[in-house]
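The values are calculated or read from the model by the stated rules, or taken from the named source; none is laboratory data. This structure is a prediction, so every number in the text was calculated from the model and none was measured. Cβ atoms come from the backbone with ideal geometry, glycine included; neighbour counts cover every protein chain shown. Note: accessible area is taken over every heavy atom of the protein model, side chains too, but ligands, DNA and RNA are not part of it. Shrake-Rupley method; radii C 1.70, N 1.55, O 1.52, S 1.80 Å.
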Amino acid sequence: MSRVRSLQVIATFACLAFAITASAQFGHPLKGSWSGDWGASKDNRTRVLVDINWDGKTLTGTINPGPTGATFQKATLDPETWAVHLEADGKDQSGNAVHYVIDGKLENLGAYQRFITGTWMQGSTKGDFKLTRN
């Protein structure tokens, strides 16, 4: 009986070691490039790219990286509910200052192509969004 128990313990530790190694390869669950769209209706959508980084302490990133990208002012993830909150300041298509407030939920966590859905505020315009990790 003790030999069977020993094999069960060894098998359990082997599975845990594999799972930890596999999950460590992904790094932080938000790190990476995310693409998708947002809009006030299903017919009025805007393509968006969000780049999120993790330095071991802080989430940083940019909405639509490049010369006109909006750098995060605030970025949080609640690991108990997987709620994501992002805020950034940038410019709209006319060059006017605009504040972004993005609230969503991280879903499909076990897969590489996880996604975030929720509400997207750009200035006074509110809509929904879906981003998928590339």
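Descending by average beta-carbon neighbour count within 10 Å, the peptides 33-42, 67-76, 81-90 line up as 81-90, 33-42, 67-76, the highest first.
If I compute solvent accessible area with a 1.4 Å probe over the protein chains, what percent of it on segment 32-120 is carbon and sulfur?
With neighbouring chains kept in place, the figure for segment 32-120 is 47 percent.
Excluding Asn64 itself, what net charge comes from residues whose Cβ is under 14 Å from its Cβ, given Lys and Arg +1 and Asp and Glu -1? With Lys, Arg at +1 and Asp, Glu at -1, the neighbours total -2.
Descending by average beta-carbon neighbour count within 10 Å, the peptides 93-104, 109-120 line up as 109-120, 93-104, the highest first. Average accessible surface for segment 59-134: 56 Å² per residue, computed with a 1.4 Å probe over protein heavy atoms with every protein chain in place.
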